[in-house]
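Working notes, structure below.
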Amino acid sequence: MADTFRALIIDDDPDLLRLVQRTLEFTAGWDVMTAGSGAAGIELARRTTPDVILVDVMMPEMDGYEVCRRLKADPATGTVPIVLLTARRDLNQARLAETGAAGVVLKPFQPEELARQVRELCP
């Protein structure tokens, strides 16, 4: 990944969305876009083709697994690395593998470590 790039964060929790956005903007200098739902995030990803997408696993209507599957199946977004964000320690590894995600960052995370973790998952 380049030093400066665009990230899309998809999360239904507005507080966490702001925290992740500010963390990546201020600690890593990334350009960050946000979406508050899976459907909005998929549409934004199709229009903007970010360099990395961070998706919360637990969301209403469309969970992060489904968002990831849809993004990976779309030719416009299929090559964009996706990192799942979750507080769950007991992830279903088979379901995770089916998504095509680059990896998982567990919540709570250290804000200053988030960009480093994402870069390690998406070299």
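The values are calculated or read from the model by the stated rules, or taken from the named source; none is laboratory data. What you see is a predicted model, and the numbers here were worked out from it, not measured in a lab. Every residue, glycine as well, gets a Cβ built from its backbone with ideal geometry; the counts of neighbours run over all protein chains shown.
Annotations
- Selection within segment 70-108 - closer than 18 Å to residue 9 by Cβ, not aliphatic (A, V, I, L, M) and not in a loop (DSSP other than H, G, I, E, B): 70, 72, 86, 99, 103
- Tally, over segment 83-123, of residues that are in contact with a helix residue (DSSP H, G or I) (Cβ under 8 Å, 6 or more places away or on another chain), more than 21 Å from residue 22 (Cβ to Cβ) and either touching a residue at least 40 places away in the same chain (Cβ under 8 Å) or not basic (Lys, Arg) (or both): 8
- When the residues of segment 1-57 are filtered to those that are aromatic (Phe, Trp, Tyr) and surrounded by 14 or more Cβ atoms within 10 Å (Cβ to Cβ), the one that is nearest to residue 70 (Cα to Cα) is 5.
- The set of residues from segment 58-103 being among the hydrophobic types (A, V, I, L, M, F, W, C), at pLDDT below 90 and either in contact with a strand residue (DSSP E or B) (Cβ under 9 Å, 6 or more places away or on another chain) or surrounded by 18 or more Cβ atoms within 10 Å (Cβ to Cβ) (or both) comprises 87, 91, 96.
- Matching residues in segment 10-57 - criterion: being among the small types (Gly, Ala, Ser), modelled with pLDDT under 95 and in a helix (DSSP H, G or I): 28
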